[in-house]
Structure formats: structure tokens, C-alpha cells
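Only one structure is covered here, and it is reproduced in the block below.
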């Protein structure tokens, strides 16, 4: 399956996980799930990621059994992100993911680190996209407050002991950046082998006015 079709399919199938106020923000959340999230049930298969069973793959037709009808494409559901759709469509009403994206902690097991030599070119570009976004996230201190681990800074157990410290989070961030640099080196090598021009991706950010953060989290940003 093409990357864009797989992304569109997941946005429509799981709106509470991925459907943000526009396609680009929704796309970032799906890419995060595909490439960074451990235990997502996906694996590399014939150069792309899928959670389908291998025996369902039709090598001759180049597609999955049971997937019929119109293909999922971005231009087939432009109205899906309109304000009217949120209120007029009874099925979709209230089903959305309206919080700023934060990356899943990348580890040596993340699929992003294991992009295969035979990767499909659109999936390679998608891997490069989310890798750049994630590096930008960790290098931009103004975005740290969206990280779920960062939001634990200052929380205490019943005995008063601090659960998570800023120092621990900074150590965790550096580990993630190190893994991302490993992944980026691998991706850049594959881009060069496939003679693809390097594209610079700029992380889309949407400040949700309803998303508030504890004072202890905002204070931790002042370092």
C-alpha cells in the first residue's frame, strides 16, 4: 500500500487517535505511530509497513486481499477536516484528536531505525519526514511541555518522593536524539543510494487553547 493511502486510511478509521484540525497535523500523528511506536503490530514487508497478515498479501496484484472499493487518498476526503463536518456529520461528531503531537520515545526497537534496503521510496520519504520532525521537537524547548514524560516532572509519590526530575528528562531526551541521529544517518544513506533529493520538513505546530499545563511544567522550561 502507498504511504499516503495508508495514512488516509488510518485517519478515517481511527479519528480519536489521529484526526486533528487539518491533514498535515493528522499525518504527523500517523507517522509517529507507524515509525516510532513500539508494539504497534506493524512490520516491514516488501519495503513498506503493514499490520496485515503476510498471507493476505497478493504479490501478483500488489495489494491486500479484502481491500476493495475506492482507494484512500488525501484528495478524496478534503471536507473531512472542515468545521461543518465536525458538527453536521453525526458519525464523526466529537471524534477527533485535538491535542499537540508529541513523539513516542524512539528506541533501538523502533521501526524507524530498521528501514530495509528494499524500502519503497514513498515510505523512505515518510521515514525521513517523521525523523526530521522528531529531531526538531527535541531541539525546540518551547515544545517540550507537550511531551508526556516532561509533564511528569515534579509529580510526587504518596511518600513525597519526586517521580521524575528535569535532569532525568534531559538524559532521556539525549538518548532519543542519539537514536534519531542513528536513524537519520541510515535514511540519508538510502536517499543517496536511491538518488532522491533531500527535503527539509518543517514540523507543523498547533497551539490548542484548551490544552493547559500545570505551573510546575511551565516552570521546568526555565532552565
The simple spin-label model distance between residue 46 and residue 24, using points 7 Å out along Cα→Cβ, in nm, is 3.3
Relative contact order as a percentage, region 139-223, C-alpha pairs under 8 Å and 6+ apart, gives 38
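Determine the gain in length on full extension of the stretch residue 172-residue 206; use 0.36 nm per residue of separation and subtract their C-alpha separation, reporting nm with one decimal. Provide the component values of the computation, followed by the final result.
Values: separation 34, 0.36 × 34 = 12.24 nm, distance 2.45 nm.
Roughly 9.8 nm would be gained on extension.
Read-outs throughout are calculated quantities, based only on the coordinates presented, and are distinct from any laboratory measurement. Every value quoted in this text rests on a predicted model; they were computed, and no experiment measured them. Positions of Cβ are backbone-derived with ideal geometry, glycine not excepted, and every protein chain shown enters the neighbour counts.
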